[in-house]
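Laboratory data are not the source of any read-out in this text; all were calculated from the coordinates shown. Not measured: the values here are computed from a predicted model. Heads up, the Cβs are rebuilt from the backbone with ideal geometry, glycines too, and the neighbour counts pull from every protein chain shown.
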Amino acid sequence: MTNAIIKTENLHFSYPAEGTPKVVLDGVDLEIQAGSFVAVLGHNGSGKSTLAKHLNAILLPSGGKVYVSGMDTADESKLLDIRRTVGMVFQNPDNQIVANVVEEDCAFGPENLGVPPAEIRARVDEALKAVGMYDYREHAPHLLSGGQKQRVAIAGILAMRPRCVVLDEPTAMLDPIGRREVLGTIKQLNEAGGVTVVLITHHMDEAAQAGRLVVMAHGKVIADGAPREVFQQVEALRAVGLTVPETVSLLWELRQEGLDVPLDALSDEECAQALFRLLS
Ligand SMILES: Nc1ncnc2c1ncn2[C@@H]1O[C@H](COP(=O)(O)OP(=O)(O)OP(=O)(O)O)[C@@H](O)[C@H]1O
Ligand SMILES: [Mg+2]
């Protein structure tokens, strides 16, 4: 396919170590289409964060290739362009906020890119509006809730106008309200803003909302497809220490008992419908 914004080819990676290095990425081939929303799920230590760091050249492959908009991430002369194209959001918002005022924090990225001040002003306003934090632009970030801080961190990345945002468990430190705010923001960026999203998550319900779900285990991709399809691979997912959404799990148990129910219910409503049809 030609519209891939990110492409990995037989990507291998080992962290430098004494003795035999442990293979962390073991032949990952992925194409991420521009404008898509891809979730990445995997057990602890499966290599998700290591993969994420390859997508904007924080790490470089030990073997194979990573291309961002056709640029080889190992090409040092392309580093700035690559970092402009793919923005990265991490787990802990406190580690990503650098200024004492929300709008100054958001201006930090574009300032470093050498964007002219008037343009920065416009970008910061736009980014803060996109994450629903414009009203807080003059506030002190440390007084905000976790969800609000993470949205400010996302705005700081958006102000650099990346075409793609990679988020590594951005909701892991948030309460349910913060999680919902941040996920809503992410979906909005993708749907209304056309930003390509790669969301690394531990939460099935978040993964279920992506257009595509990639499952990693032991440095390899073991499943890749629409969440509705991937979550039906109940045994394969359980075998690598992952659970499936409760709705799928319930229907799967019923199937084990010989009942004729579909497995692809991702919402409570769909699950209720399936049970209703069974009973009527
Ligand atoms: N800086 C590092 N140096 C050495 N080994 C590392 C380093 N970072 C990660 N590892 C190891 O690489 C493997 C993959 O780690 P990685 O952080 O990519 O997994 P992950 O899927 O993101 O896990 P988690 O779900 O816990 O975030 C693990 O075995 C981890 O211990
Ligand atoms: Mg990780």
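Roughly speaking, what is the stretch gain from Gln188 to Glu235, that is 0.36 nm per residue apart minus the C-alpha to C-alpha distance, in nm to one decimal?
Details: separation 47, 0.36 × 47 = 16.92 nm, distance 3.27 nm.
Extra length from Gln188 to Glu235 when fully extended: 13.6 nm.
Karplus couplings for the stretch 124-139 from phi (6.51 cos²θ - 1.76 cosθ + 1.60, θ = phi - 60°), rounded to Hz, Gly and Pro as x?
My calculation for the stretch 124-139 gives 5, 4, 4, 5, 5, 5, 4, 9, x, 10, 4, 5, 9, 4, 9, 7 Hz in order.
Using R₀ = 41 Å, calculate the FRET efficiency as 1/(1 + (r/R₀)^6) where r is the Cβ-Cβ separation of Asp72 and His142; round to 0.05. Intermediate results must be reported in sequence, preceding the final value.
Values: r = 40 Å, r/R0 = 0.97.
With R0 = 41 Å, the Cβ-Cβ based efficiency is 0.55.
In percent, how large is the relative contact order of the chain, given Cα pairs closer than 8 Å and 6 or more residues apart?
Averaging sequence separation for qualifying contacts and normalising by length gives 21 percent for the chain.
Grab the Cα-Cα distance for Leu278 and Glu9, subtract it from 0.36 nm times how many residues apart they are, and report the gain in nm with one decimal.
Between Leu278 and Glu9, full extension yields an extra 92.3 nm.
Under 8 Å for C-alpha pairs, at least 6 residues apart: give me the relative contact order for the stretch 69-199, rounded to a whole percent.
Relative contact order, the stretch 69-199: 32 percent.
Among 238-247, 134-143, how do they line up from the highest to the lowest mean number of other beta-carbon atoms within 10 Å?
On the way: 238-247: 16.7, 134-143: 14.4.
So the peptides 238-247, 134-143, ranked by packing, come out 238-247, 134-143.
List the residues whose amide H sits under 5 Å from the amide H of Val221, counting only those 5 or more places along or on another chain, with H placed 1.01 Å from N in the peptide plane.
Asp29
Go through the stretch 181-188 residue by residue and turn each phi into a ³J(HN,Hα) via Karplus (6.51, -1.76, 1.60, θ = phi - 60°); whole Hz please, and just put x for glycine and proline.
4, 6, 5, x, 4, 5, 5, 5
Charges at C-beta only: +1 for Lys and Arg, -1 for Asp and Glu. How large is the resulting dipole of the chain about its Cα centre, in Debye rounded to 20?
460 debye
Could you pull out every residue, at least 5 positions away or on a different chain, whose amide H is within less than 5 Å of the one on Glu169? Hs are placed 1.01 Å off N in the peptide plane, and Pro or chain starts have none.
Ile200, Thr201
Between the stretch 130-159 and the stretch 105-129, how many Å separate their Cα centres?
Using only Cα atoms to place each centre, the spacing works out to 14 Å.
How about the stretch 10-72: which trypsin sites (Lys or Arg not before Pro) there are in a DSSP loop, with at most 13 other Cβ atoms within 10 Å of their Cβ?
Lys22
What number, rounded to the nearest 500 deg cm²/dmol, is the helix-based mean residue ellipticity at 222 nm of the chain, given -39500 (n - 2.57) per DSSP H run of at least four residues and division by all its residues?
-11000 deg cm²/dmol
Using θ = phi - 60° and the Karplus curve 6.51 cos²θ - 1.76 cosθ + 1.60, what whole-Hz ³J(HN,Hα) does each residue of the stretch 252-263 get, with Gly and Pro shown as x?
3J(HN,Hα) across the stretch 252-263, in whole Hz: 5, 4, 5, 5, 4, 7, x, 7, 8, 10, x, 9.
Near the amide H of Ile6, under 5 Å away, which other amide H atoms are found, from residues 5 or more places off or on another chain, if H is placed in the peptide plane?
Counting only residues 5 or more places away or on other chains, the set is Ile32, Ser69.
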